[in-house]
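A short write-up of the structure that comes next.
The values are calculated or read from the model by the stated rules, or taken from the named source; none is laboratory data. Predicted model only: the values in this text are computed from it and were never measured. Every residue, glycine as well, gets a Cβ built from its backbone with ideal geometry; the counts of neighbours run over all protein chains shown.
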Amino acid sequence: MTSAAGLSDNGRAALFMTASMSMFAVEDAFIKTLTQAMPVWQLLATTGLVAMCVFWARMARRRQRLWTRALLHPMVALRNFGEVVGALSFVTALAVGELASTSAILQVLPLTLVLGAALFLGEKVGWRRWASVVVGFAGVLLILRPGTGAFQPAMLWALLGVAGLTLRDLATRRIPAGVPSDQLSASAYGAMVPGGLVLGLVSGQAVVAPDLAQLGLLGGTVIFGVLGYATLVAASRLGEASVVAPFRYTRLGFALLVAAVVFGERPDLPMLAGAGMIALAGGYAMWREARMRRSPDAKPVDGLIRPAPR
């Protein structure tokens, strides 16, 4: 269907997805800037509390309850744990490492989901997606270059972040379909509050009173994060997944641009090559899975059985 503006639903969805990824890249820049003056635990707890309230307000407007017994489901708890580990590790990677490298490694998430679904959920994966996993992880190694002078130990935090987010998304596939997505998001952000406080007690880092500039950055972090989430949902609902999903990788392009302009980062050729390999492999894996979801039946195609909708 074509809109009055002349763009098809898929075209508008692609624009929404691209806009969403640009907002997430700006959010990452705000977070990295804040970590230069604010402890990671405080940033995690603060943004978690504010974002939880935002999602709670969305639910209240729709007359939905923030708390129901559905949040006691073991997979919800596992999802929240993965969210906390992923957020903590990703923010730490931004604090001690480069934005460009951290963002590039984060883009391997669709490939770790393929691997995790095959190993732990019994999903059948064909040789094409296995090949994309191999190419993507080769790109990660090209970015990390362990055993060389270019190796950045800080990027191990980014890998741990990917592991946490992989756990989150795999657990999401086993959560009953009736649980609203806003409730899951509010629950996950709420879990960051005690997670951040525990980290603060362990690290012994004192609370830092934010100045006006830092309060503005905190507000920008929440605003761009929530807007990015909203446009991501709009893109997912409006367009076909096989068309829209690969546009998630525009986030990497925006991240490289922000890293260069704001932080003066200059990625070398191997890092750019590795990022390109991850983007191509991940984009293909997402496109392939989306095509499987559009299949009219559940028959195996290329060795892959279409997963249950989520």
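May I ask you to list the residues in the stretch 127-150 that are part of a loop (DSSP other than H, G, I, E, B) and modelled with pLDDT of 90 or more? Matches in the stretch 127-150: Arg145, Pro146. For the residues Arg168, Arg173, the requirement of being touching a residue at least 60 places away in the same chain (Cβ under 8 Å), touching a Lys or Arg at 6+ places or on another chain (Cβ under 6 Å) and buried (at least 21 other Cβ atoms within 10 Å of the Cβ) singles out Arg168.
The number of residues in the stretch 50-71 that are closer than 11 Å to Asp182 by Cα and assigned to a loop (DSSP other than H, G, I, E, B) comes to 4.
Within the stretch 137-149, can one find any residue that is of a type in the set (Ser, Thr, Tyr) and in contact with a Leu (Cβ under 8 Å, 6 or more places away or on another chain)?
no
Within the stretch 120-137, residues that are more than 27 Å from Met75 (Cβ to Cβ) have Cβ atoms under 8 Å from residues that are of a type in the set (Asp, Glu) and in a loop (DSSP other than H, G, I, E, B) in these pairs: Trp127/Asp302; Arg128/Asp302, counting only partners at least 6 apart in sequence or on another chain.
The set of residues in the stretch 118-139 being within 17 Å of the chain's Cα centre (by Cα) and surrounded by fewer than 23 Cβ atoms within 10 Å (Cβ to Cβ) is empty.
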